[in-house]
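What follows is a single structure, written as structure tokens, with notes after it.
The values are calculated or read from the model by the stated rules, or taken from the named source; none is laboratory data. Please read these numbers as outputs of a predicted model, since none were measured by experiment. Cβ atoms come from the backbone with ideal geometry, glycine included; neighbour counts cover every protein chain shown. For the accessible areas, the whole protein counts, side chains as well, though only heavy atoms, and no ligand, DNA or RNA atoms are used. Shrake-Rupley method; radii C 1.70, N 1.55, O 1.52, S 1.80 Å.
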Amino acid sequence: MENKKRMLTGLQPTGVITLGNYVGAIKQMVEYQEKYDSYIFIADMHAITMPIEPKKLKENIRSLVALYVACGIDPNKNKIFIQSENEYHANVSWMLECNTYFGELSRMTQFKEKSKKNANFSCGLFTYPVLMAADILIYDTDLVPVGIDQKQHVEIARDIADRFNKKYGETFVLPEPLISEQATKIMDLQDPTKKMSKSSENPKGIIRILDDAEVIRKNIMSATTDSLAQIKFDKENQPGISNLINIYSAVTDLSIKEIENKFANSQYGEFKKEVADKVIIKLSEIKERYYELISSKELDKILDEGRDATRKIAKIKYEKMKEKIGLIR
Ligand code: AMP
Ligand code: TRP
């Protein structure tokens, strides 16, 4: 444990995750847990930076934890916890906010985009990256697995840490983003030039982890393809087929070459049916475990242990920061 690098990441509980999230994020975490001292949490306080129904939020939080575990995130290899159950995150965030410039937060791409969508955006949307910096810095995190859209936020966390260290003396480890080069991007089934996203307007283009088998089959069978009549991985000319090959590969662990060979003489219809079968098998394993967990005491035990363990660690950093800043009697 001692010499393992520490890894931390969070997902916002804003909706049911898709096959894209599973392949692009959760599957990587399942690999990382073997290599790193891993922390995985539900960023529920980040979720309230945009409007969200309280009832929905509550449901999503528990559901996301159950999904993590059902997808293979092992509670014995990870600290799994809910951000809002660890009060040090918000406390540390305030101390960091007072060491963050208004100007640097104004330059965040995500803030610029999201604030355009709602004229009455909250201050929380603006300071969101500082809370994220707190999440990362409290635990002396070395590596932060994120999608490319979050890279800027890990970089600002690093800048804030460096500034704090210079001003008050060595306090934080400087974190680095961990952006997986191999992580496959799963595309929308209807428009394979667009990323499959849980916020997509067209439900036919996406597969949610908890979708019914019939929905999954229908969506895959009606996925956009082409008229070249060959199962070949060629993103440029056959983006739809290439996406289905990637999906097949992700749920069977066969390589692209093996899949091309296996289906060398197949029609698109047969291939799609096979893809649907394999996705349904994979997701039904996950779903089975999910429904076992969702209302179980086991899930609460995992969360209680994660909360207690991370509060203990966070308290040390919090006290240290207070002392350095001069917040003492
Ligand atoms: P989001 O759902 O956009 O908040 O993304 C959460 C995580 O899932 C990020 O690490 C993304 O990179 C990853 N992710 C989301 N959609 C996809 C996709 N279609 N293919 C691969 N990875 C994805
Ligand atoms: N902002 C991240 C997202 O929307 C979620 C997140 C919050 C996070 N705090 C974090 C990710 C700390 C990594 C580390 O995806």
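Flag: Met221 does not match the condition of being among the hydrophobic types (A, V, I, L, M, F, W, C) and either within 16 Å of ligand 2 (Cβ to nearest atom) or in the same structural domain as Gly20 (by TED's automatic domain parsing) (or both).
Here is a check on your reading of the model: is Lys312 farther than 18 Å from Asn60 by Cα, in a helix (DSSP H, G or I) and open to solvent by 90 Å² or more (accessible area, probe 1.4 Å)? Yes. Within region 124-153, residues that are without any contact (Cβ under 8 Å) to a residue 40 or more places away in the chain and under 18 Å from Met29 (Cβ atoms) have Cβ atoms under 7 Å from residues that are within 15 Å of ligand 1 (Cβ to nearest atom) and β-branched (Val, Ile, Thr) in these pairs: Ile148/Ile179; Lys151/Ile179, counting only partners at least 6 apart in sequence or on another chain. Looking across region 184-207 at every residue that is surrounded by 21 or more Cβ atoms within 10 Å (Cβ to Cβ) and not hydrophobic (A, V, I, L, M, F, W, C), the one that is nearest to ligand 1 (Cβ to nearest atom) is identified as Asp188.
When Glu270, Glu298 are screened for being modelled with pLDDT of 95 or more, over 30 Å from Asp135 (Cα atoms) and open to solvent by 10 Å² or more (accessible area, probe 1.4 Å), only Glu270 passes.
Please verify whether region 186-193 includes one or more residues that are without any contact (Cβ under 8 Å) to a residue 60 or more places away in the chain, within 16 Å of Tyr22 (Cα to Cα), in the same structural domain as Asp142 (by TED's automatic domain parsing) and assigned to a loop (DSSP other than H, G, I, E, B). Checked against the condition, which is being without any contact (Cβ under 8 Å) to a residue 60 or more places away in the chain, within 16 Å of Tyr22 (Cα to Cα), in the same structural domain as Asp142 (by TED's automatic domain parsing) and assigned to a loop (DSSP other than H, G, I, E, B), region 186-193 yields no hits at all.
Annotation: Asn265 fulfils all but one of (1) more than 23 Å from Leu19 (Cα to Cα); (2) modelled with pLDDT of 95 or more; the unmet one is (2). Taken over region 116-146, the criterion of being open to solvent by less than 20 Å² (accessible area, probe 1.4 Å), within 16 Å of Thr49 (Cα to Cα) and of a type outside the set (A, V, I, L, M) is satisfied by Tyr128, Pro129, Asp135.
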